[in-house]
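Peer 1: Take a look at this one; I'll ask things after.
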Amino acid sequence: MSEGMETSAISVLKSAVELDGNGRFTEALACYREGIQLLMEVMKATKNDVKVKAMRERISEYMTRAEKLKDHIEEDKKAGRYHEQYHIAKDSKGHSYKTVFGKFIDEFLTEVDVEDPYIRSTHQVYNFLRFCELIIKPPSKVKIITLTTGSDEANVQQQKSRLEELKESVAKHGVKLNVIYSSTLHDREIRFNNGWIIKIGRGLDYFKPTGKFALGFCDFDFRLCHETTVDIFHSKHTKTAER
C-alpha cells in the first residue's frame, strides 16, 4: 500500500514541479500540498531510517518551495497584479471542472456569478449542472449562484424548464440559483466572491462529446477537450485595471 502511495506522491510532486515551471502557480501549489501530504503518510509507514531521513529532506524542500509559492501568490494578490494563464490543448485530458475550479473553492466562498451566453442546449445545461454540483458539494459554503446566459430562441421553454428544475434542486441544498437572460452577453467569465475570477475562452463548454459507455462520460478528467485558454485573475487586479 505504501509503495502505491509513494508512487502517487512522486507523480503528484512531479506535476507540481512542471506546473510551477510553466507559471501555473495555483495548480502547482495545490499539487505540492497534495504530494507533500502523501509523502508524509508514506514516511510514517516506513521503517527504514535511511529512507525516512531522505524523505524528510525531500518533504522539507517541497514545503519550502510551496511556502515561497504561496507567498508569491499572496503578494501579487495584495498588489493587485495577479494574473495566470494557461492553454488547454486540443484533445488533451485532465481538465475536469474539479481540476480547473476546485482549488479556488474555500471557506470564504459563498457566492458565484457565471456569465456564459451558451448555457442553452442539453449538453451545455448538463455542463452547468456539473459545475453546480462541484461548487455546492460539502464542505462548500456557497449559498447563491447567479447565471447570466443567452436565450435559446429555438427552444426557449425547454431551456427555461431545465434551468427551473435545476433551481428547485439546488434550493433543496440551501442554495439560491438566479437565472438572468441577456441578448447582448458575449464574454465568458466566472467570478467567485472570495476574489478569484476565471475566464475560459469557450466558457464551460470545452469538452468534446464521447460515447455513453466510454471513459470520460462520467469522470471528465478522462474527457478529451477542445482547444481553449484559461485566464485566472484576482479581483484586486481587475478593479485596478478597470480604473
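Peer 1: Scanning for something over 20 Å from the mean Cα position of the chain (by Cα) and modelled with pLDDT of 95 or more, does segment 137-149 turn up at least one residue?
Peer 2: yes
Peer 1: Hey, Arg162 hits all of (1) assigned to a helix (DSSP H, G or I); (2) loosely packed, with under 14 Cβ neighbours inside 10 Å; (3) among the basic types (Lys, Arg) but one; which does it fall short on?
Peer 2: Failing condition for Arg162: (2).
Peer 1: Looking at Asp91, Asp76, Asp71, which one is exposed (fewer than 12 other Cβ atoms within 10 Å of the Cβ) and farther than 30 Å from Asp219 by Cα?
Peer 2: That would be Asp71, the only listed residue that is exposed (fewer than 12 other Cβ atoms within 10 Å of the Cβ) and farther than 30 Å from Asp219 by Cα.
Peer 1: Right, here's the next one. Please work out if Glu6 is surrounded by 13 or more Cβ atoms within 10 Å (Cβ to Cβ), in a strand (DSSP E or B) and among the charged types (D, E, K, R).
Peer 2: So Glu6 fails the test.
Peer 1: Given the options Ser235, Ser151, name the one that is under 25 Å from Ile105 (Cα atoms), open to solvent by less than 80 Å² (accessible area, probe 1.4 Å) and hydroxyl-bearing (Ser, Thr, Tyr).
Peer 2: Ser235
Peer 1: Could you pull out the residue among Ile197, Ile136, Ile144, Ile119 that is out of contact with any Phe, Trp or Tyr (no Cβ under 6 Å at 6 or more places or on another chain), closer than 30 Å to Ala89 by Cα and aliphatic (A, V, I, L, M)?
Peer 2: Residue meeting the stated conditions: Ile136.
Peer 1: While we're here: If a residue must be in a helix (DSSP H, G or I) and free of Cβ contacts under 8 Å to residues at least 12 places away in the same chain, how many such residues does segment 22-64 contain?
Peer 2: Qualifying residue count, segment 22-64: 12.
Peer 1: Here's something else I'd like to know. How many residues, within segment 165-186, are polar (S, T, N, Q), free of Cβ contacts under 8 Å to residues at least 60 places away in the same chain and surrounded by 11 or more Cβ atoms within 10 Å (Cβ to Cβ)?
Peer 2: We begin by selecting, within segment 165-186, every residue polar (S, T, N, Q); these are 169, 178, 182-184.
Among the residues that remain, those that are also free of Cβ contacts under 8 Å to residues at least 60 places away in the same chain are: 169, 178, 183-184.
Checking the rest, the ones that are also surrounded by 11 or more Cβ atoms within 10 Å (Cβ to Cβ) come to 169, 178.
Within segment 165-186, residues that are polar (S, T, N, Q), free of Cβ contacts under 8 Å to residues at least 60 places away in the same chain and surrounded by 11 or more Cβ atoms within 10 Å (Cβ to Cβ) number 2.
Peer 1: Turning to a different aspect of this structure: Identify, from the list Asp205, Asp221, the residue that is modelled with pLDDT of 95 or more, of a type in the set (Asp, Glu) and part of a loop (DSSP other than H, G, I, E, B).
Peer 2: On inspection, the qualifying residue turns out to be Asp205.
Peer 1: Continuing with this model, one more query. Do you know which residues across segment 187-232 are over 13 Å from the mean Cα position of the chain (by Cα), open to solvent by 50 Å² or more (accessible area, probe 1.4 Å), closer than 19 Å to Thr148 by Cα and touching a residue at least 40 places away in the same chain (Cβ under 8 Å)?
Peer 2: Passing the criteria: Asp187, Arg188, Asn193.
The values are calculated or read from the model by the stated rules, or taken from the named source; none is laboratory data. Computed from a predicted structure; not experimentally measured. Positions of Cβ are generated from backbone atoms using ideal geometry, with glycine treated the same way; all protein chains shown enter the neighbour counts. These area figures cover heavy atoms from the full protein model, side chains too; ligands, DNA and RNA do not enter into them. Shrake-Rupley method; radii C 1.70, N 1.55, O 1.52, S 1.80 Å.
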